[in-house]
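Engineer: A single structure is presented below for examination.
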Ligand SMILES: Cc1cc2nc3c(=O)[nH]c(=O)nc-3n(C[C@H](O)[C@H](O)[C@H](O)COP(=O)(O)OP(=O)(O)OC[C@H]3O[C@@H](n4cnc5c(N)ncnc54)[C@H](O)[C@@H]3O)c2cc1C
Ligand code: SF4
Ligand code: SF4
C-alpha cells in the first residue's frame with residue numbers, strides 16, 4: 001500500500017455492498033482502501049453469482065415493466081419471512097431501491113430484459129447484463145477511476161475495538177501481517193457459510209455434507225471477531241438460505257447452473273429409495289428454498305430425483321446431464337440406490353396416480369395422488385416411460401443470516417451505543433432486516449442500499465475529523 | 001467432412017453450461033439462439049460459432065472462467081469451431097486447410113502475386129497505352145483479374161451452400177436477407193448489447209475501438225471495390241478509359257476507401273496485438289495478422305500508386321499493388337476475409353429463427 005499510507009476509510013470485502021460503499025465514500029472526497037480476501041479472478045464474493053436485484057418502481061423503469069409499489073414489495077417480503085421482518089429497515093431498503101437503479105447505471109452497471117425462463121420476474125427484478133460479475137467489474141472500474149485503492153488477497157483477521165471505536169485493522173497479504181488505522185471502517189464481508197466447521201457447530205455434523213453455492217472466501221472471520229468483542233448481533237447461526245442443488249456440484253462456487261428445477265415433475269427419494277415430501281406442493285419458485293432443508297434432514301444429506309422421458313423437457317436445463325437408464329433397476333444401480341425398493345416406491349406412486357388429462361406444467365393443476373403418504377398434490381403423473389432419468393440432490397447453502405445489528409444509518413452498535421466509526425452493509429447485516437426466509441433479488445437490494453448509506457456515513461465521519 | 005470432434009465437444013460442453021445460466025443473454029445474437037435449444041448438434045454449434053464475433057463480453061462477465069473448474073471461455077470455444085468450419089467448408093478444402101491458420105503461406109502467396117505481375121509486365125509488356133496501361137495492357141489485366149475475381153465468388157458460393165446444409169437452414173427468403181444486412185451494416189452486435197462496445201483492448205473495459213476499426217475496414221474495402229467497379233463501367237460502357245483525374249468518381253471513391261482501409265487495418269492490428277490471445281481461435285493469430293496486413297497493404301499500395309503514379313516508381317508500384325490485389329482475391333475464400341460471407345449467412349439463418 002505504498003500509494004495510500006493511511007486511508008480515510010477501509011472497506012472490508014470486495015462484493016456489491018463493499019463497492020457501493022467505496023464508490024459513495026470516494027465521491028464524497030474520502031481516500032478509500034478496499035481489502036478483498038479473494039484473488040482478483042475471484043473478487044466479488046457472492047455478488048459475482050447474482051443475476052438481478054428487486055426494485056420498487058412507479059411506472060416502467062429501465063428494464064422493468066408496469067409498477068411495483070412499496071406496499072406490494074413489503075407484502076411479498078412479509079410473506080416469505082413469516083413476519084420476522086424489521087419493518088422500518090425493510091421499508092427503507094424498499095423505498096431507496098427505486099433510486100438505486102439509475103445510480104447503478106450511472107456507475108457502469110448495465111441491465112437487460114428478464115432472462116428467458118424468468119418472465120415472472122420481469123416486473124419486480126432488474127437483471128444485470130452479464131450477471132453479477134459484469135456488475136462487479138463495472139464497479140471496480142468506476143471505483144478505480146475515483147482513486148479507490150484495491151488490495152486483493154488481503155484477508156482481514158482482526159479489528160481492534162476500544163470502547164466504542166475501531167482503533168486499527170489487521171490483515172494478511174503475501175504471508176505478512178499489516179496494520180492500518182483508518183478514520184472509518186465499513187464491514188461488507190458477507191456471511192460465514194464457507195466455514196463448514198462453524199456451520200457444523202450450528203447444524204451438527206450433517207453440515208459437512210452441505211455444498212456452498214457461492215464464494216469460498218466468506219468465512220465469517222470479521223463477523224466472529226466483532227461478535228466476540230461484544231458488537232451487537234442479530235439472528236442466530238442456524239438460519240441460512242439453502243436450496244437443493246445437483247449433488248455433483250463443486251463444493252464451492254457452483255453458482256446458478258447447479259440449480260435443478262425438475263422436482264415438481266418427479267418423485268424424490270432418499271438413499272433408501274423412500275419418498276419423504278410432497279414434490280408437487282406448489283409452483284417451483286415458491287418451493288425451491290425449502291428443499292435444501294428437506295434434503296439436509298435425510299440420511300447422508302442426499303436425495304434422488306427420478307423422472308421419466310415425458311418430463312425431460314419441462315424444466316430449465318442444468319449444468320450436468322441427468323443419469324439415464326432404460327429400466328428403473330438399471331437407474332437404481334447407476335445411482336447407488338436399492339433397486340428393489342426403488343421399483344416398489346415407483347410402483348406404489350404410480351398406482352396412486354389418477355386421471356392425468358388435466359396435467360399442466362406451469363400451473364397448480366391438481367393432478368394428485370390418492371391414498372399415498374406423503375401425497376403428491378400436483379403434477380402427479382406415473383413414472384412409466386423409459387428412458388428414466390435421475391439426479392442426485394444435495395443441500396446448497398446460499399448465505400447465512402447471523403450478522404451485525406445495524407440502525408437506519410447502517411451503523412453497528414455495542415451495548416446501546418453506536419460504534420462511532422463502524423458501519424456494515426450487505427449480507428453481513430441482512431439479518432437486521434430479515435429474520436428468516438428470503439425474497440429473490442433482495443440480497444443485492446440490501447447491499448446496494450446499505451452499502452451506499454454506509455459509504456456516505458463513513459465519509460461524513462472521516463471528513464469531519 | 002467430419003470436423004474435429006473435440007473442438008465441437010468442448011463448445012457443446014460450454015454451451016450447455018451457458019444454457020443453464022443465461023446471464024449473458026443480452027450481449028449478442030448467440031445467446032437467444034443458444035437458449036432456444038436444449039441439445040446442440042454439430043450444425044447448431046457451427047451456426048452459433050458463426051454468429052459470434054468474438055467481442056469477449058461473455059468472457060469477462062463469466063463467473064466460471066478459469067481457474068474455476070468449469071473453465072468457461074466461450075469466445076475461444078466458438079472461435080475454434082468457427083475457424084474449423086471455415087477450413088472444412090472451403091472449396092477446395094485443401095486450400096482452406098493450407099491458409100486459414102498459416103500467416104507464412106499467406107505471405108508466400110502475396111510474394112508470388114508480386115512476382116507473377118512483374119513477370120507478366122516484363123514479358124508481355126504493353127502494346128502502348130497511357131498511364132498504367134503503358135506498363136500492362138488493359139487486356140492483360142483483365143485476363144489475369146477476371147478469373148482471379150470469379151474463382152473466389154464461385155468458391156464462396158459453394159462454401160455457403162455447404163454451410164446452409166450443415167446448419168440445416170430453411171429456404172432463404174428476401175426478408176431474412178434484409179434483416180441480416182441491416183444488422184451487418186451497423187455491426188449492431190459489436191456494440192455489445194448495451195451500446196458500450198466490446199472488451200477487446202483492455203480486459204473488461206468496454207470500448208468502441210474494434211467496431212470503429214472494423215467499420216473503417218469494411219466501408220473502406222467496399223469503397224475501393226466500388227471505385228474499381230465504377231471504373232470498369234466507365235471503361236466498357238461509357239468508353240472512358242483510365243487514367244482518371246483526381247476529382248473523378250473512381251479516384252474519389254478509391255482515395256477515401258483506401259485511407260479508411262489502411263487506417264482501419266492499422267488499428268485492427270494494434271487492437272489484436274493488445275487483446276488476450278487466449279480468447280481467440282487457437283493457432284489462428286498469425287494468419288489473422290497476416291491477412292489484415294495484406295488487406296492494409298492492398299490499400300496502402302493503392303494509395304501510393306495514386307500519389308506516385310506520375311513518377312518513375314510507378315511500374316514497380318503497379319506490379320506490387322496488383323500483385324497484392326491478386327493474392328487478396330485468390331485468398332479471399334481461405335482467409336479471415338471469408339468470415340464476412342459466413343457471418344452474413346449466419347445472420348440470415350438467425351433471422352429465420
Ligand atoms: C448462486 C447465488 C446466486 C444469487 N443470486 C442472487 C440474485 O440474483 N439476486 C440477489 O439479490 N441475491 C442473490 N444472491 C445473494 C447475493 O449474492 C448476496 O445477497 C449479495 O451478493 C451479498 O453481497 P455482499 O457484498 O454483502 O457480499 P459478497 O458479495 O459475498 O462479498 C463479500 C466479500 O467479502 C470478502 N471477504 C470475506 N471475508 C473477508 C475478510 N476476512 N477480509 C477481507 N475480505 C473478506 C469476500 O471475498 C467478498 O468479496 C445469490 C447468491 C448466490 C450464492
Ligand atoms: S458465458 Fe458464463 S456467465 Fe455467460 S451465460 Fe455462459 S456460463 Fe453464464
Ligand atoms: S464473444 Fe461476444 S459475440 Fe461471442 S458469444 Fe460472447 S458476447 Fe456473444
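Engineer: Restricting to DSSP H runs of at least four residues, report the calculated mean residue ellipticity at 222 nm for chain B, -39500 (n - 2.57) per run over all residues, nearest 500 deg cm²/dmol.
Structural biologist: -22500 deg cm²/dmol
Engineer: To two decimal places, what compactness ratio does segment A:55-130 give when its Cα radius of gyration is scaled by 2.2 N^0.38 Å?
Structural biologist: Compactness ratio reported: 1.13.
Engineer: Same structure, new question: Classify segment B:2-86 as rounded, prolate or oblate from the Cα gyration tensor: take a ≥ b ≥ c as the square roots of its eigenvalues, call it rounded if a/c is under 1.5, otherwise prolate when a/b beats b/c and oblate if not.
Structural biologist: Note, shape of segment B:2-86 comes out rounded.
Engineer: Here is a follow-up. Please tell me the relative contact order of chain B in percent, rounded to the nearest whole number, where contacts are Cα pairs under 8 Å and at least six residues apart.
Structural biologist: Reported relative contact order: 26 percent.
Engineer: Using the beta-carbon distance between residue B:182 and residue A:251 and R0 = 41 Å, what value does 1/(1 + (r/R0)^6) give for FRET efficiency, to the nearest 0.05?
Structural biologist: Numbers: r = 48 Å, r/R0 = 1.17.
Efficiency for this residue pair is about 0.30.
Engineer: Here's something else I'd like to know. In whole Å, what are the Cα extents of segment A:373-465 along the three principal axes, biggest one first?
Structural biologist: That gives 73, 25, 21 Å along the principal axes, largest extent first.
Engineer: On to the next question. Tell me the angle of helix B:249-274 to the major Cα principal axis of chain B, expressed in degrees between 0 and 90 and rounded to the nearest ten.
Structural biologist: 40
Engineer: Give the average, rounded to an integer, of partner chain Cβ atoms located within 10 angstrom of each Cβ in B:54-65.
Structural biologist: Taking the mean over all residues of the peptide, I get 5.
Engineer: A follow-up question, please. Rg to Rh ratio, segment A:1-157, alpha-carbon atoms and Kirkwood radius?
Structural biologist: 1.01
Engineer: How much length is gained if the chain between residue B:6 and residue B:236 is pulled fully straight, taking 0.36 nm per residue apart and subtracting their Cα-Cα distance, in nm to one decimal?
Structural biologist: Here the answer is 77.6 nm.
Engineer: Could you order peptides B:88-98, A:445-455 by the average number of other Cβ atoms within 10 Å of their residues, highest first?
Structural biologist: So the peptides B:88-98, A:445-455, ranked by packing, come out A:445-455, B:88-98.
Engineer: Would you mind calculating the relative contact order of chain A from Cα pairs under 8 angstrom and at least 6 residues apart, reporting the percent as a whole number?
Structural biologist: For chain A, the relative contact order is 23 percent.
Engineer: Per-residue counts of other Cβ atoms within 10 Å, averaged by peptide: what ranking do you get for B:169-176, A:119-126, A:29-36, A:203-210, highest first? Intermediate results must be reported in sequence, preceding the final value.
Structural biologist: Numbers: B:169-176: 12.4, A:119-126: 18.8, A:29-36: 24.4, A:203-210: 16.1.
Packing order, densest peptide first, comes out as A:29-36, A:119-126, A:203-210, B:169-176.
Engineer: Let me ask you something else. Rounded to whole Å, give me the distance from the Cα center of segment B:1-43 to that of segment B:207-266.
Structural biologist: About 38 Å separates the Cα centre of segment B:1-43 from the one of segment B:207-266.
Engineer: Rounded to the nearest Å, what's the spacing between the alpha carbon centres of segment B:310-345 and segment A:2-69? Just the number, please.
Structural biologist: 51
Engineer: From the square roots a ≥ b ≥ c of the eigenvalues of the alpha-carbon gyration tensor of segment A:238-316, which class results: rounded (a/c under 1.5), prolate (a/b over b/c), or oblate?
Structural biologist: Since a/c stays below 1.5, the shape of segment A:238-316 is classed as rounded.
Engineer: How big is the gap, in Å, between the Cα center of segment B:139-160 and the Cα center of segment A:219-292?
Structural biologist: 64
Engineer: Run through the DSSP bridge list for chain A and note the antiparallel percent, rounded to the nearest 5.
Structural biologist: Percent antiparallel among DSSP bridges in chain A is about 75.
Engineer: For an R0 of 25 angstrom, estimate the FRET efficiency from the Cβ-Cβ distance between residue B:282 and residue A:324 and round to the nearest 0.05.
Structural biologist: FRET efficiency, residue B:282 to residue A:324: 0.20.
Engineer: Given labels modelled 7 Å from the Cα in the Cβ direction, how far is it in nm from residue B:123 to residue B:111?
Structural biologist: 2.0
Engineer: Going by the alpha-carbon gyration tensor, a ≥ b ≥ c the square roots of its eigenvalues, is segment A:243-396 rounded (a/c under 1.5) or, if a/c is not under 1.5, prolate (a/b greater than b/c) versus oblate?
Structural biologist: rounded
Engineer: Quantify how much of the Cα-Cα distance distribution of the protein assembly as shown extends past 50 Å, in percent. List each step's numbers first, then the result.
Structural biologist: Numbers: 101050 of 334153 pairs.
Value for the protein assembly as shown: 30 percent of Cα pairs lie more than 50 Å apart.
Engineer: Could you run the Debye sum over the Cα atoms of chain A, one equal point scatterer each and no solvent, and tell me log10 of I(q)/I(0) at q = 0.07, 0.14 Å⁻¹, two decimals?
Structural biologist: Listed by q, the Debye log ratios stand at -0.38, -1.26.
Engineer: Please compute the length gained on full extension between residue A:283 and residue A:420, using 0.36 nm multiplied by the number of residues separating them and subtracting their Cα-Cα distance.
Structural biologist: Going from the current span to full extension adds 44.7 nm.
Engineer: Under a crude label model (7 Å from the Cα following the beta-carbon direction), how far is residue A:106 from residue A:144 in nanometres?
Structural biologist: 2.4
Engineer: Could you work out how far helix A:87-106 tilts from the main Cα principal axis of chain A, as a 0 to 90 degree angle to the nearest 10?
Structural biologist: Result, in degrees: 80.
Engineer: Which value results for Rg/Rh of segment B:264-353 when Rg is the Cα radius of gyration and Rh the Kirkwood radius based on the inverse mean 1/r?
Structural biologist: That ratio equals 1.09.
Engineer: Could I ask something else about it? Of all the C-alpha pairs in chain B, what % are more than 31 Å from each other?
Structural biologist: Details: 22765 of 62128 pairs.
Result for the distance tail: 37 percent.
Engineer: Could I ask something else about it? What FRET efficiency comes out for residue B:307 versus residue A:350 if R0 is 56 angstrom and r is the Cβ-Cβ distance? Round to the nearest 0.05.
Structural biologist: Working: r = 85 Å, r/R0 = 1.52.
The pair residue B:307/residue A:350 has a calculated efficiency of 0.10.
Engineer: Going by alpha carbons, how many degrees (0 to 90, nearest 10) lie between the helix axis of B:103-124 and the longest principal axis of chain B?
Structural biologist: Helix B:103-124 sits at roughly 20 degrees to that axis.
Engineer: Take residue B:168, project a point 7 Å from its Cα along the Cβ direction, then tell me which residues of segment B:23-61 have their backbone nitrogen under 16 Å from it.
Structural biologist: B:33-49
Engineer: Would you mind computing, in nm to one decimal, how far apart the modelled labels at residue A:224 and residue A:40 are, each placed 7 Å from Cα along Cα→Cβ?
Structural biologist: 3.0
Engineer: Of all DSSP beta bridges located in the protein assembly as shown, what percent are antiparallel, nearest 5?
Structural biologist: Approximately 75 percent, going by the DSSP bridge assignments.
Laboratory data are not the source of any read-out in this text; all were calculated from the coordinates shown. Since this is a predicted model, take the numbers as computed values, not measurements. Every residue, glycine as well, gets a Cβ built from its backbone with ideal geometry; the counts of neighbours run over all protein chains shown.
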